[in-house]
Amino acid sequence: MKIKLKLLIDLLMTVALLLLVSYQVIGAKYHEWLGVFMFLLFILHNVLNIRWYGNLFKGKYSFLRIIRTLINFAVLIAMLCLAYSGIVMSRYVFAALPIKSGMALARVMHLSGSYWGFVLMSIHIGLHWSMVTGVFRKLSGERRKAVVLWSMRLLAAAIAGYGAYCFWKAGIVSYMFLKVEFAFIDFDKNAAQVLSEYLAMMALWVFISYYAAKGIEKFSAVIQKRKEKK
């Protein structure tokens, strides 16, 4: 039951993340409300995974565990920055709060934090994607044939390739490092096009981090075997 609840929350967070970066699709008012919903889901996600914090100082730290830990804390920082900057800039949900300063800082923080958060959360998903594939494998009850498996991998690679093109074309790196301090939003694109592009960009970082994690695990296993032989 707890695993299913975690998967549901993670799915809702993924959908919310896609809608939040697709600002032109939902508009300012729903962007704010969805941001609050996303942060509440994030808190619930952390509560359900509270044991992870308790195990921080337990066990050995492999290279992959170090990366996962750093990404997790980076996501936490990004979410806190987005929550703070979102409240300061709010025109609907928190408009009644007596906040009269810090708007300039909050704006650039929200711009950079939004895209850093998007990338970091996508990487976080990729680093835990093996858990998702494991659940689907159990639900299916059978092993996929090699042809189907490789077809899915090629499809994933194609989507990730399209995501890389969209990521470059949108100039997101410029926003992440504040080389450009005003986001260009194309309101001429329809909802399906915007969502599909961001979904592909998310798939790009999931793809990269998932296979990077698998590569690190295999490399670590080889090193461990060599040590045991010695």
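What the table shows:
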| item | result |
| --- | --- |
| Of every Cα-Cα pair in the range 22-157, the percent that sits beyond 21 Å | 57 |
| Only Lys, Arg (+1) and Asp, Glu (-1) charged, at Cβ; the chain dipole about Cα centre in debye | 1440 |
| Crossing angle, helix 2-21 versus the chain [Cα axis fit, 0-90 degrees, rounded to tens] | 50 |
| Carbon and sulfur %, accessible surface of the chain computed with the full protein complex present, 1.4 Å | 70 |
| Helical mean residue ellipticity (222 nm; -39500 (n - 2.57) per DSSP H run of 4+; nearest 500) of the chain | -27500 deg cm²/dmol |
| C-alpha long axis of helix 146-169 to longest principal axis of the chain, angle in ° | 30 |
| Peptides ranked, highest mean first, by Cβ atoms within 10 Å: ranges 30-42, 114-126 | 114-126, 30-42 |
| Prolate/oblate/rounded call for the range 148-230, Cα gyration tensor, a/c under 1.5 rounded | oblate |
| Environment charge of residue 222, counting only residues whose C-beta is closer than 12 Å and scoring Lys/Arg +1, Asp/Glu -1 | +3 |
| For the range 110-121, 3J(HN,Hα) per residue [Karplus equation, 6.51 cos²θ - 1.76 cosθ + 1.60, θ = phi - 60°, Hz, x = Gly/Pro] | 6, 4, 5, x, 4, 7, 5, x, 4, 5, 5, 5 |
| Peptide ranges 176-187, 102-113 listed from the most packed, as the mean C-beta count within 10 angstrom indicates | 102-113, 176-187 |
| Phi to ³J(HN,Hα) by Karplus 6.51 cos²θ - 1.76 cosθ + 1.60 over the range 99-106, Hz, x for Gly, Pro | 9, 10, 9, x, 5, 4, 5, 4 |
| Cβ crowding within 10 Å averaged over residues, with 66-74, 49-57 ranked highest first | 66-74, 49-57 |
| Size-normalised alpha-carbon gyration radius of the range 77-230, reference 2.2 N^0.38 Å | 1.37 |
| Global geometry of the range 62-101, whether rounded, prolate or oblate, following the gyration tensor of its Cα atoms and the 1.5 cut on a/c | prolate |
| Mean separation of Cα contacts under 8 Å (6+ apart) over length of the chain, as relative contact order % | 26 |
| Vicinal HN-Hα couplings computed from phi for the range 84-91 (Karplus, 6.51 cos²θ - 1.76 cosθ + 1.60; Hz; Gly/Pro x) | 4, 5, x, 5, 4, 8, 4, 10 |
| Global form of the range 50-129, assessed from the alpha-carbon gyration tensor, a/c cut-off 1.5 | prolate |
| Projected label distance in nm at residue 26 and residue 12, using a 7 Å step from Cα toward the beta-carbon | 1.3 |
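The values are calculated or read from the model by the stated rules, or taken from the named source; none is laboratory data. Worth saying up front: this structure is predicted, and the values here are computed from it rather than measured. We place every Cβ from the backbone using ideal geometry, glycine too, and count neighbours over all the protein chains shown. All accessible areas refer to the heavy atoms of the entire protein, side chains included, with ligands and DNA or RNA removed. Shrake-Rupley method; radii C 1.70, N 1.55, O 1.52, S 1.80 Å.
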